[in-house]
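Below is one structure, written out as structure tokens, with a few remarks after it.
The values are calculated or read from the model by the stated rules, or taken from the named source; none is laboratory data. None of the values given here were measured: they were computed from a predicted structure. All Cβ positions, even for glycine, are placed from backbone atoms using ideal geometry, and neighbour counts span all protein chains on display.
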Amino acid sequence: MHIPDGFLDAKVIIATAALAVIGAGAAWRQTKKQLPQQKIPLLGLAAAFVFAAQMLNFPVAGGTSGHLLGAVLISVLLGPSAAIIVMTAVLAVQCFLFADGGVLALGANIFNMAVMGVLAGHAIYRTVLRILGGERGRIAAVAIASWGSVLAAALGCAGELAWSGTVPWQAVFPAMAGIHALIGVGEAVIACLVIAAIKKTRPELLTANSGPLPARNAATVIIYGLVIAIGLVIFVAPFASAWPDGLETAAAKLGFDRQALVQPLVPGLIPDYKFPGFGSAILATITAGIAGVAVVLLLVFYLARRLKGNT
């Protein structure tokens, strides 16, 4: 649901940019205080995995596709503040490197997916886990929260479109809610599978008060995680669904799709996730994905060094 430039007016762009800066700034301060030193490198792994997983569009009903948001998944592993940082970094790389989401709309996309998606999803997760308890309760909490995080981000997007005067609320609300309620089911399934796998292999990552990971343990987790992320890019991303995503479907249905700028303000070095110069679309997608993983890793490792130096 990356909003392109042209959908939002000036007041919404300014308001959402301010909220995104406030949210990301507060998350940075909280992460410095709360995230154990040896878990900080896991930020890079989380960002690489989310970026790779978001390339994998899965089909849903009515010729629409969706992809993993990842807000609840990362917040369960590293906490909501760290998840906001990870999501913000991924969205920035997607915007500037791949022209995925508008530059002027970046604040709205960060607010919807990184701030609102994480905070709403984590609040639902903690509430459901407190009520149900136990490992089955954890999986149920992840499922419900993942679904809720997608819906929260979609409704934030709908509200911004309505406030901009792009489309009436009474039209955009049911369109966005209906489509993303289905996409949220896919989000819940993926998140639960990942959490269940982590529970079997690295259960210490799910324990909030377990303390820092041993250095060797952390290095092993990072290496295996990167192998999985690159494997997703190489073997799955080229075959992702080409159907429009939830926002694109709603825009076409309600007739505001033509308001998107034909040429993005920043065209991106690798537009459309196709690395230029390749005759094969599959190789172009794989190379673009690997480049994106590398850039996300470098950016988040830089942020991690800043966190280490200021903790």
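Values as computed for the structure displayed
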| item | result |
| --- | --- |
| Matching entry among Leu232, Leu261, Leu247, Leu254 (being surrounded by 16 or more Cβ atoms within 10 Å (Cβ to Cβ), out of contact with any strand residue (DSSP E or B) (no Cβ under 8 Å at 6 or more places or on another chain) and at pLDDT below 90) | Leu232 |
| Scan of the stretch 67-84 for residues that are within 25 Å of Val236 (Cβ to Cβ) and either over 12 Å from the mean Cα position of the chain (by Cα) or among the aliphatic types (A, V, I, L, M) (or both), ordered by number | Leu68, Leu69, Ala71, Val72, Leu73, Ile74, Val76, Leu77, Leu78, Ala83 |
| Any hit, the stretch 86-95, residues being surrounded by 24 or more Cβ atoms within 10 Å (Cβ to Cβ) and not in a helix (DSSP H, G or I) | no |
| Matching option when the condition is closer than 24 Å to Pro267 by Cβ, assigned to a helix (DSSP H, G or I) and in contact with a helix residue (DSSP H, G or I) (Cβ under 9 Å, 6 or more places away or on another chain), among Ala18, Ala47 | Ala47 |
| Inter-residue pairs, beta-carbon under 9 Å, first within 24 Å of Gly62 (Cβ to Cβ) and in the stretch 233-246, second crowded, with 16+ Cβ neighbours inside 10 Å and of a type in the set (Phe, Trp, Tyr), 6+ apart | Ala237/Tyr273; Ala240/Phe58; Ser241/Phe58 |
| Yes/no for Val118 being out of contact with any Pro (no Cβ under 9 Å at 6 or more places or on another chain) and aliphatic (A, V, I, L, M) | no |
| Exclusive hit being of a type in the set (A, V, I, L, M, F, W, C), closer than 20 Å to Ala229 by Cβ and buried (at least 24 other Cβ atoms within 10 Å of the Cβ), set Ala154, Ala82 | Ala82 |
| Hits in the stretch 85-117 - residues which are farther than 23 Å from Leu269 by Cβ and within 9 Å of the chain's Cα centre (by Cα) | Gly117 |
| Residue within the stretch 145-159 that is of a type outside the set (Ser, Thr, Tyr) and within 19 Å of Thr207 (Cα to Cα) present | yes |
| Residue in the stretch 130-146 that is within 14 Å of the chain's Cα centre (by Cα), at pLDDT 95 or above and within 26 Å of Ile290 (Cα to Cα) present | no |
